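Take a look at the structure below.
Please treat every number below as a calculation from the coordinates, not as lab data. These numbers were taken from a predicted model, which means no experiment stands behind them. Note that each Cβ is placed from the backbone with ideal geometry, even for glycine, and that neighbours are counted across all protein chains shown.
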Amino acid sequence: MIFWIIIGWVGYCLLPWYMVEGGLWSFEWLFSGYPFDEDFAPALFLTAQGEKLWLVPLLIPLALPLLVLGKPKSDPIYAKILILAGALGFGWLIAQGFGIGIRGFNFDWLKALFGEPKIRQFGMGYGAMLCASAFLFLLTQGIAARGAVNGDVFVVSAIGGVITIVTAFVFFPIANMLFSAFVTEKGAYSVFVFASKFFDDRLWGLGCFWGAKCGAAWNSLFLAILVGLITTVLGLCFALVVTRSGFRFKRGMRALTVLPIITPPFVIGLALILLFGLSGSVTVFFADLFGVQPTRWLYGMPGVLIAQTLAFTPIAFLVLIGVVEGVSPSMEEAAQTLRANRWQTFRTVSLPLMRPGLANAFLLGFIESMADFGNPLVLGGNFDVLSTEIFFAIVGAQYDQGRAAVLAMVLLFFTLSAFYAQRAWLGKKSYTTVSGKGDAGVHPLMPNGLAIPVVAIATIWALFTAVVYGMIIYGSVVELWGVNNTLTFKHYVTAFSVRFEEEGIRWTGAAWDSFWTTISIAAIAAPLTAAVGLVTAYLLTRQNFAGKNAFEFGTMLSFAIPGTVIGVSYILAFNVPPIEITGTGVILVVSFIFRNMPVGVRAGIASMSQLDRSLDESSLTLGANSWQTFRRVILPLLKPAILAALVYSFVRAMTAISAVIFLVSAEYDMATSYIIGRVENNDYGLAIAYSTTLIFVMLAAVGLLQFLVGRVQIGRRTQIGAERTT
Amino acid sequence: MTDTNIASKAAPVRFEGVSKVFGKDVVAVDNIDLHVEAGKLATLLGPSGCGKTTTLRMIAGLEMASSGRIVIGDRDVTKLPATDRDVSMVFQSYALFPHMSVLENVMYGLTFSGFDKGEARSRALNGLELVGLKGFDNRLPSELSGGQQQRVAVARALVLEPQVLLFDEPLSNLDAKLRRQVREDIRSIQQDLGLTVVYVTHDQEEALAVSDEIVVMRNAAIAQIGTPRQLYDAPIDRFVADFIGEANLIDCKIVEVDGDQATIEIEGHRHCLLSRDLPVGPATLAVRPSRILIGSETGIPARVAKATYVGVRMEYTLTGAFGQVFAVQDDVDDPLQPGTDVKMAFADRGPVLLPEG
């Protein structure tokens, strides 16, 4: 507690209250006028000079906890004072933050109340952040002292912390965006604005049934449903081949699962252009063969569909392989001893038990397709989908925030409905094996009538995927595709040339800037993502508290929100105080943390539920508190999960495009948005060379992870070990 | 319980030189011969990894024999898959289909056996009634207790009227109190309906309680086959003696053989018992804890190392030059104190001679 009181005072008296120019890592302010210059001064000096007087009341909650310093925790006064101080301080901080913006009061009624004084403030800086966290944790300590969650300070603080940051970086921007859909050009709120944008023909038009264009919403919906269905079927085929057949190249097929993780989302689109585009190899070949004019059939629905199917089939495979293997062999054996033949067993037992997996795979395919930004941008042609429309509404000549917000709402509505549809379809039935014990036995092979088509489909698709990926590598070393097919390393040189000079290495290639930015932003985001994810997972698996379900829903929500929606909502929300981070690296890091947090949470939950709860309990009874237990017992046992979360969030941060494209700035350009920029300039060679490099960098990262995880051995019963390797 | 229309088509099971090899060289079952008579309950008993479950799964058709012949009734089923054998099995994990109701679970096999829906339904309801689960038909397995799930699994297997019914450690997921009850239920259903049952367990007490015949397995082979009484009273070797019940194994010397009677000597103490065709020379004496007499006039000198009162009897650990033995005495009123020196002898009936080993 003393720690947080000190932090609060430090934040108030010593560190600059407002956001300083030059980002969080610059310490220039130390030398230019600190602590008296208005821009860099701590709150104490500001108020002492008669500036920003609305910060004065914060002194009260800062001083309050000093009253109870010597008191024991059980004293009712102790809890009351802490709660009062925390709530007052935090509440006032938020109120003044939203109340007073760059141009003075943000709300008319405040102006009416206080007149129009010349007051303004910028985004929160170090001091404000420290104060805010100090108040927050004083509050949680007070709540813990009152006996919430067994009076566990660490757990209450962790819950408070997670709720606060999720609210600030997920709920707040989304809510903010929803409101902006109702704003007229003059800044007033109106339902009609929303309605006119919502019932736009470009959104809901059904023209495609009679030859014209359909609205973006219908396009997105049809596309997502198709992609969801096709990827689920293909993924199931792959999963069946790998687990239920004697097919020889099973291992090779398993390697497919790595692909979606390491492939930037639009790369497949690029490769398809090389194959089927106007001057693509296949197109040219057939054009020559039949003497027909090459067409642009690829650009539009077919191209996007093929690209997304290629990109997301491995994701469905990844989901389904676990599910198909998870069907308890004794279920299928039981069916066989009950006189069902292999086909009947598959139809009546195996397939129904895979239903949750099928629903999940469809949902993922649907959401990924809805959110996909890169492929429609590269291949969409005149085929408008929501995600690209949102982008053009923000960056295009029309600059229409309201329209972007409406589109984002439609997109969000689709993905969330898919979420609910999945729940409804699964219903209340139970699909888990009733008892986990004694599941010896082996999965039966598929019936022949099923095996032959399934293996055929899987093989053909796997070969197609291999060809597409081969094209990526080949395309990166070709001078100018379809025109001049000589081999060259020109593109790599343009992108990644280095010069050795006296003062050291000079990174002269065009791509280095964005490359290093990407690496460093991803590297900063990865540990934070893992930390937030694991703490959340710990709370969800190990603690019981009121509102746990809502808590879980909230943390998983950002997974169902398409990246484009996140991107739009972030620039809308964080362009203005109190959190003013648009155009900085911070906003990129923050967006990655909350985009990828669900992955960390899932990884953490999966491995934590394997750790027996008695481990925690024994640690607690041995006198450790829950933080020490988490630190000394849970964390060391979770090393594999931590590593996985780290590498996965690192890699996802490198391949992300949909949210990033809204958030990059000239100073902080990311690799993916740089590549998209090259593609828009028709500079395919460089784009593909850069993508290839990224693929290999990420392959190395994933390889390193496998190497490290392989070495982290935890003494466990072998049965669990066996389960984890299968 | 007997007025049901579940009939028995019980048939004998015969293994002729059956082996099962996993991969190239992992021998799970090594050349076993076995005959289970129709209408009898045979138990496969042994420590884990002895091949008992593999043997059971070969009867079910879930594993195919690598060599040898398996005959059920008068049909050679060696190459038949599980679907085509007239056998059903109760799994250790019960393997109830979680997405089907109790009734659907029990009807499952019937619908593939050529019964129309109404017939299958009435047979399934009958089966549920037989196991005492009338009125549970619309529940999901996840809404039942462990014991109830177990009984659904039994009903599901029973209603098919299989030639052979197989149980794979059916009691291992139940708590101790339920075990006795369920095992008695299984035994009485088996006897009432006259079913052929093959039952796998690693619990010797369970095996003794339910079986007509016990097959003790060790290292992929059969160690001994016999009735519970035969195995308990006349184990063939140290392994069986130790595995079935508790036995004290004491080194002894056969000093004289006269017809089928032998005289043995341990530290000067002589005892007369069946020779079991053993020659004069060193041998092993197997004595159940209840067959040790303490406090007789003559005998082997021993000292009471531990004395434990367990209510119905006293348990003693005795040490001496022969090593250590475990004995129980019914006399709880005048217990011996630890440290007491006593003489130890053996009851006339009970102790058996085993080959030296």
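Under a plain spin-label model, where a point goes 7 Å from the Cα along Cα-to-Cβ, how far apart in nm are B:Q337 and A:L278?
Placing both labels 7 Å along Cα→Cβ, they lie 11.0 nm apart.
Residue farthest toward the positive end of the dipole of the stretch B:120-234, with Cβ of Lys/Arg at +1 and Asp/Glu at -1: which of B:S142, B:A223, B:L178?
The Cα lying farthest towards the positive end belongs to B:S142.
To the nearest 20 debye, what charge dipole does the stretch A:509-725 have about its Cα centre, counting +1 at the Cβ of each Lys and Arg and -1 at the Cβ of each Asp and Glu?
Value, rounded to 20: 920 debye.
Sum -39500 (n - 2.57) across every DSSP H segment of at least 4 residues in chain B, then divide by the residue count to get the 222 nm mean residue ellipticity, nearest 500.
The helix-only estimate for chain B comes to -7000 deg cm²/dmol at 222 nm.
With +1 on each Lys and Arg Cβ and -1 on each Asp and Glu Cβ, how big is the dipole of the stretch B:27-156 about its Cα centre, in debye rounded to the nearest 20?
200
Please report, in debye to the nearest 20, how large the charge dipole of chain B is about its Cα centre when each Lys and Arg carries +1 at its beta carbon and each Asp and Glu carries -1 there.
The calculation lands at about 920 debye.
What fraction, in whole percent, of alpha-carbon pairs in the stretch A:509-725 exceed 32 Å separation?
28
With a/c under 1.5 counting as rounded, go ahead and sort the stretch B:249-355 into rounded, prolate or oblate using the C-alpha gyration tensor (a ≥ b ≥ c being the square roots of the eigenvalues; past the cut-off, prolate if a/b is larger than b/c, else oblate).
Prolate shape, in that a/c is at least 1.5 and a/b is the bigger ratio.
Report relative contact order for chain B in percent, whole number only (criteria: Cα-Cα under 8 Å, sequence separation at least 6).
16
Measure up B:K20/B:K177; B:K9/B:K134; B:K24/B:K52; B:K52/B:K117; A:K80/A:K548 against 31 Å on the Cα-Cα distance and list the ones that go over.
In this structure, B:K20/B:K177; B:K52/B:K117 lie more than 31 Å apart at Cα.
Would you work out if chain B is rounded, prolate or oblate? Take a ≥ b ≥ c from the square roots of the eigenvalues of the alpha-carbon gyration tensor; rounded if a/c is under 1.5, else prolate when a/b is larger than b/c, oblate otherwise.
prolate
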